[in-house]
Amino acid sequence: MSSRIVLVINAGSSSLKFSVFRVDGTETLQLVERGQIDGIGTRPRLHVKNATGGVVVERTFATAEVSSIKDAIRLAGAWLRERFQQESLLAVGHRVVHGGVHFSHPVLIDPEVLAALEQLIPLASLHQPHNLAAIHAIREGQPQVLQVACFDTAFHRTHPQIADLYALPWEYYQSGVRRYGFHGLSYEYIATRLPQIAPEIADKRVIVAHLGSGASLCALQAGKSLDSTMGFSPLDGVPMGTRTGALDPGVLLHLINQRGLSGTDLEKLLYHESGLLGLSGISNDMCVLLESPEPRAQLAVEYFVHYTVKQIGALAAVLGGMGGLVFTAGIGENSPLIRARVLQACAWLGVSLDAAANARGDPRISAAGSAVSAWVIPTNEELMIARHTLALINNRETGYVD
């Protein structure tokens with residue numbers, strides 16, 4: 001009997017990320033390889049590493065060979081079939097950014113589900129089309145392959161209604177203008193890890209800071225999402241690499257009415273030219289900014305810390321206090337300096353930093369006796385998707401589907 005694998009795909013506008021997980025006899029998932037095709041349509045490159053970080057393949061292609069997500073799927077599929085020809089592909093799990101109001105759990109993709117996800121494109125026009133393009137490409141090339149959609153919004157469907165409302169006429173809420181929250185797969189993974197890594201706070205009030213190129217925070221109560229900093233789109237909340245974070249809507253009216261910006265202009269400004277890049281004028285990379293002596297680079301870092309702390313305070317108020325603070329994602333996991341500055345500013349909440357533990361990147365970085373504990377827990381959205389995909393396929397085979 002051949003071994004079984006689950007393929008996880010995260011398709012973006014110019015890159016296709018994929019991970020291969022092997023299913024062992026105890027139904028445990030083990031990462032085998034992780035790769036991506038980036039530079040789609042410009043300078044395509046396939047780069048794959050094994051589970052220990054060793055390079056498996058590094059190859060470039062002519063622009064015409066990989067000009068679309070469909071081409072990238074075809075190329076990656078051919079490489080993976082050759083690479084894992086002795087393995088049995090159970091299913092493909094996809095990260096889908098928007099699940100709207102109704103998709104609160106991962107689902108097996110069929111024509112009806114796909115049609116419903118197409119209807120959500122206006123809610124995530126920069127992400128959803130690319131997610132769905134990968135699904136369509138696999139259905140076209142290998143229609144027999146089972147595919148599962150896992151949503152970045154689903155984890156936040158436990159919000160109380162009050163947390164999802166905007167103070168707009170009710171008809172807008174009914175038509176879908178509401179706070180959805182994102183990075184849900186990351187927060188869900190952290191919630192599953194808390195009982196093992198930080199059991200003393202797993203059932204308490206916890207704030208998780210997913211700080212990376214995309215950044216947000218989430219308020220957890222007993223592992224469930226009560227509120228989050230991202231709202232209708234992945235633009236709200238804390239500043240990000242190239243995205244604004246929270247912005248007075250009056251600024252948008254000014255840019256339209258007084259500066260003559262179009263919808264396309266605003267989209268480019270808000271998503272690609274703002275955040276750390278816009279403030280610093282140098283880079284969207286926190287590592288670059290921390291090392292730069294330029295005043296605007298330091299201002300961008302200070303702004304990021306200031307608004308992260310501001311949002312922590314807001315979520316602590318929503319929770320009615322907090323027992324723990326968790327850092328995750330690229331900046332959260334890898335920048336002791338940012339973590340230290342955030343925690344020092346949160347001292348009033350009862351958290352005390354253990355500087356040595358923080359410098360080492362220990363799981364627990366708060367001092368002994370700290371009223372609020374602080375943690376560093378690496379996220380793993382790909383594993384979360386693989387778990388959901390395997391569970392859904394197993395339930396389907398046993399005749400049980402949630």
Number of the exception - Trp170 against (1) open to solvent by 20 Å² or more (accessible area, probe 1.4 Å); (2) at pLDDT 95 or above; (3) touching a Gly at 6+ places or on another chain (Cβ under 8 Å): (3)
Look through the range 1-54, keep the residues that are part of a strand (DSSP E or B) and among the acidic types (Asp, Glu), and return whichever of them is nearest to Lys268 (Cα to Cα). Asp38
Matching residues, the range 38-73, being of a type in the set (D, E, K, R) and closer than 11 Å to Leu16 by Cα: Asp38, Arg45, Lys70, Asp71
Segments classed as helices (runs of 4 or more DSSP H), wholly inside the range 156-239, with at least 1 members that are in contact with a Cys (Cβ under 6 Å, 6 or more places away or on another chain) and within 21 Å of Gly320 (Cβ to Cβ): 184-197
Identify the residue in the range 56-92 that is open to solvent by less than 70 Å² (accessible area, probe 1.4 Å) and acidic (Asp, Glu) and, among all such residues, is modelled with the highest pLDDT. Asp71
Based on what the data block shows, is Met322 within 20 Å of Ser186 (Cβ to Cβ) and open to solvent by less than 20 Å² (accessible area, probe 1.4 Å)? no
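Matching residues to (1) in contact with a helix residue (DSSP H, G or I) (Cβ under 7 Å, 6 or more places away or on another chain); (2) open to solvent by 20 Å² or more (accessible area, probe 1.4 Å); (3) part of a loop (DSSP other than H, G, I, E, B); (4) at negative phi:
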{"residue": "Val326", "(1), (2), (3), (4)": "yes, no, no, yes"}
{"residue": "Ile338", "(1), (2), (3), (4)": "yes, no, no, yes"}
{"residue": "Arg341", "(1), (2), (3), (4)": "yes, yes, no, yes"}
{"residue": "Ala359", "(1), (2), (3), (4)": "yes, yes, no, yes"}
{"residue": "Leu392", "(1), (2), (3), (4)": "no, yes, no, yes"}
For the range 38-55, enumerate the residues that are open to solvent by 40 Å² or more (accessible area, probe 1.4 Å) and either closer than 24 Å to Pro129 by Cβ or of a type in the set (A, V, I, L, M) (or both). Thr42, Arg43, Arg45, Ala51, Val55
Restricting to the range 99-154, what's the tally of residues that are in contact with a helix residue (DSSP H, G or I) (Cβ under 7 Å, 6 or more places away or on another chain) and in a helix (DSSP H, G or I)? 15
The range 293-322 residues that are over 17 Å from Arg341 (Cβ atoms), paired with ones that are surrounded by fewer than 19 Cβ atoms within 10 Å (Cβ to Cβ) and of a type outside the set (A, V, I, L, M, F, W, C) (beta carbon under 8 Å, 6 or more apart): Arg296/Gly281; Leu319/Gln221
Restricted to the range 165-192, and to residues that are of a type in the set (D, E, K, R) and in contact with a strand residue (DSSP E or B) (Cβ under 9 Å, 6 or more places away or on another chain), which residue is farthest from Ala386 (Cα to Cα)? Arg179
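The values are calculated or read from the model by the stated rules, or taken from the named source; none is laboratory data. Every value quoted in this text rests on a predicted model; they were computed, and no experiment measured them. Ideal geometry is used to build each Cβ from the backbone, glycine not excepted, and the neighbour counts take in all protein chains shown. Ligands, DNA and RNA are stripped out before the accessible areas are found, and what is left, the full protein with its side chains, is counted by its heavy atoms. Shrake-Rupley method; radii C 1.70, N 1.55, O 1.52, S 1.80 Å.
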